[in-house]
Structures are given as structure tokens and as C-alpha cells.
Amino acid sequence: MVGLIRQPQFLLYDLDFLQSLPKHHWENGFAEIIKHAAIKDATMMKELAAHDITYYQKNKKALAALIEKNVQIKVKVVQKDEFEKGDRKLLNFGHTLGHAIENEHALLHGHAISIGMVYAAKISQVMQDFKDVGLLVETLKKYGLPTAMHFDIDAAMEVMQKDKKNAKAGMQYVLLNKMGKAVYETIPMKTLYNLIKLYS
Ligand SMILES: [Zn+2]
């Protein structure tokens, strides 16, 4: 609750505590790490693509460095945009569709946004001429994350529209222009529906 109003003085991560988490919670966390790489850091995506969960579980130094890098990405985005609605929205990459299927199918948050990111990347291919869908999908798979799922598109679209107030004409969607560079674009609902259907 404090964090809703003021930024924290410091963040404390207990690496030993992380070691005690079951594997699916590591996957869960790595979904957000891969998201950060996709929207802000192409170099980190390459690093992630070269490793896997076991590597980070066994290498405390690499894990600590990875956590620090991710905190920096998030802090930078949030501080730059503490009270506005600009850069911060980019953190929603994969979350629009992700949230819709997370609720409908009782998925882990990380698993749901993994699928959401794959759709967003494929939509980016059409809308932004994004070329690296393969790298994103392969990296997600390497961290045990799902990249496809059958779901009711109409039901998902309904949840997405309820989520957003300005959804009449189109939906603001976070897309990738290239790896490490996210943008947002308003996509007409019909186009969005057709693209999601195309890739289902
Ligand atoms: Zn999330």
C-alpha cells in the first residue's frame, strides 16, 4: 500500500529464499524478465536466450546481476513516468490478452502473459514489421513458458474491452518495433480480433 504512493528507498532480494521456490514460480518470474528484455533490452534477450532456469539457479552471481538489471529497467520506466501514462504502459506488454486468459483459465500470471506476449509479437509482425518473433518464442520455451493455448477469442475480447474504458474505436496495444523497443499503437477492435484469430 505504501508503494502505491511513494517509491521505495531500497529493494531487498533474498537469493536463498528464491532457491526455495518451486520451479513454476521461477517460470512465473522469468516471464516478466523476458518481458523487460523484449520491451527495453535486446542484449538481455540474447543473454537469456543463451541460458535457462537451471543456469540461474546454479549461478548466484549471474542471478544477482540479472535481478539488478531488471530492477533498474523497472525503476527507470516507473520514475520516468511516475504520474503520467506514457512509458509505464509499455510494462503492459503481453498483459492485455494475458489478463483476459489468466482469469478465464486460472493460469499462473507468468504463463498467461507468456501467451499474451507471443500474440503481441505476432501482431507486431503485421503492424510494426517486427522481425524477431522466433527469438521471443524460443526464449519463452527455454524457460518452460507456454507459447500457445486454445481459448475462446470472443470471451477474451469481451474481457479486454471491459478492462479498457476507451475500447469503443480501438484498443491501445503494446507492440514491439524491434527487440528491446516497445511502442504502443491503437488497433481497431475488428483488426485486433482478426489478427488474434489468424494466429489461433
Ligand atoms: Zn505481470
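The values are calculated or read from the model by the stated rules, or taken from the named source; none is laboratory data. Predicted, not measured: the structure shown is a model, and the values here were computed from it. In this analysis, Cβ positions are derived from the backbone assuming ideal geometry, glycine residues included, and neighbour counts consider all displayed protein chains.
Points worth noting:
- Hits in region 20-52 - residues which are exposed (fewer than 12 other Cβ atoms within 10 Å of the Cβ) and farther than 24 Å from Ala121 by Cβ: Ser20, Pro22, Lys23
- Selection within region 75-95: residues that are within 11 Å of the ligand (Cβ to nearest atom) and surrounded by fewer than 24 Cβ atoms within 10 Å (Cβ to Cβ). The member of this set that is nearest to Val137 (Cα to Cα) is His95.
- Taking the numbered list (1) of a type in the set (S, T, N, Q); (2) surrounded by 16 or more Cβ atoms within 10 Å (Cβ to Cβ); (3) away from the ligand (no atom under 16 Å from the Cβ) in turn, Asn194 passes all entries but (2).
- From the list Ala155, Ala100, the lone residue that is more than 16 Å from the ligand (Cβ to nearest atom), over 15 Å from Gly180 (Cα atoms) and at pLDDT below 95 is Ala155.
- From Ile39, Ile34, Ile113, Ile53, residue being more than 16 Å from the ligand (Cβ to nearest atom), touching a residue at least 40 places away in the same chain (Cβ under 8 Å) and closer than 23 Å to Leu135 by Cα: Ile53
- Some residue of region 123-143 being in contact with a Pro (Cβ under 9 Å, 6 or more places away or on another chain) and within 20 Å of Leu48 (Cβ to Cβ): yes
Condition check ((1) within 16 Å of the ligand (Cβ to nearest atom); (2) among the hydrophobic types (A, V, I, L, M, F, W, C)) across all residues:
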| position | (1), (2) |
| --- | --- |
| His109 | yes, no |
| Val118 | yes, yes |
| Met160 | yes, yes |
| Leu176 | no, yes |
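- The set of residues in region 96-109 being over 16 Å from Lys197 (Cβ atoms), small (Gly, Ala, Ser) and buried (at least 19 other Cβ atoms within 10 Å of the Cβ) consists of Gly98 alone.
- Some residue of region 110-118 being over 23 Å from His25 (Cβ atoms), at pLDDT 95 or above and surrounded by 19 or more Cβ atoms within 10 Å (Cβ to Cβ): no
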